[in-house]
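Below is one structure, written out as structure tokens; comments come after it.
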Amino acid sequence: MWWVWDAPIGNTSDNWHPFTASYTAMKTDGQYITVMPAMDLVVAHKNANIDQNPNRNVTVPQYQTILQMLAGARR
């Protein structure tokens, strides 16, 4: 299932922010993929070795922090 961050505001990209029109797919155990059209960026986050360590997880707030850090680095 895809989750949409928000819709574009206005007719031009002048009013957009990094998460405008972005969407994310979330899977179990902290696996995510996010498309950020305003930044021309796709982020794929895979939780390696989940079979070896089943308690290893990345929560939605932790992943959002990762995205905010990437967006800040790309500006």
### Task
With θ set to phi - 60°, apply the Karplus curve 6.51 cos²θ - 1.76 cosθ + 1.60 along the range 26-40 and write out the HN-Hα couplings as whole Hz, x wherever there is a Gly or Pro.
10, 10, 5, 6, x, 9, 9, 9, 10, 10, 10, x, 5, 10, 6
### Cα-projected label distance for Tyr23 with Leu41, points at 7 Å along beta-carbon direction, nm
2.0 nm
### Query
With each pseudo-label sitting 7 Å past Cα toward Cβ, what's the Ile33-Met1 distance in nm, one decimal?
1.8 nm
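FYI, it's all coordinate maths here, none of it is from the lab. Predicted, not measured: the structure shown is a model, and the values here were computed from it. Ideal geometry is used to build each Cβ from the backbone, glycine not excepted, and the neighbour counts take in all protein chains shown.
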